[in-house]
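To keep things clear, I will list the structure first and then write my remarks on it.
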Amino acid sequence: MKLIPVIFAFLISANHLICQVQREMFVNGKPIQTNQCAEIRLVKLIPEVSAGFICEVRDAQIIEDCLELTVVYGGCNGNLELMTDSRISSDLKFSVKAKWIEPSFCKALMLSKVSFDLKPYKELISERNAMVKIEGTGFELYYN
């Protein structure tokens, strides 16, 4: 009978620890907003990404003016950004690259959807009839 309070206390402390470890993913340093698209960071040149900071993109689609990515997320911490140099390549590709600003070192490995705002680049992409290319993946999407 004395064992029940000990087990109960253990379960409460374990639950508290799990709740503290699993935190929401961030985009550009802010919690993900499900009702809006995050900003795509403009850079002079899209850099190479170090091994621990590469973001695994499992799916991509354009919904209205947002690029929606399904990414693999470790379940804690994690701060993602999408960047572009805002150029159309000679093969008519508008390139973006997803990378972790702070990678998630937890091992939960869940899928998370994140949306990014393409509207500032719509005219540039449309006038050249370019495709949106997600660097490091096979995804190339039309955006009208």
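By the count of neighbouring beta-carbon atoms within 10 Å, fewest first, Lys30, Lys113 end up ordered Lys30, Lys113.
Fully extending the segment from Leu124 to Glu24, taken as 0.36 nm per residue of separation minus the present Cα-Cα distance, adds 32.7 nm.
In this simple spin-label model, placing a label point 7 Å from the Cα along the Cα-to-Cβ direction at both Asp91 and Ala108 gives a separation of 3.8 nm.
With neighbour counts taken as other beta-carbon atoms within 10 Å, the residues Cys37, Cys55 rank, fewest first, as Cys37, Cys55.
Sorted ascending by nearby beta carbons within 10 Å, beginning with the fewest, Ser115, Ser50 become Ser50, Ser115. Can you pick out the pairs among Lys93/Lys113; Lys30/Lys113; Lys113/Lys133 whose Cα atoms lie more than 20 Å from each other? Result: Lys93/Lys113 exceed 20 Å. Under 14 Å from a point placed 7 Å out from the Cα of Asp65 along the Cα-to-Cβ direction: which residues of the range 114-129 have their backbone N that close? Inside the label zone: 116-126.
Readers should treat all values here as calculations from the given coordinates under stated rules, not as data from a laboratory. Nothing here was measured: the structure is a model prediction, and the numbers come from that model. Cβ sites come from the backbone with ideal geometry, for glycine too, and all protein chains shown count toward neighbours.
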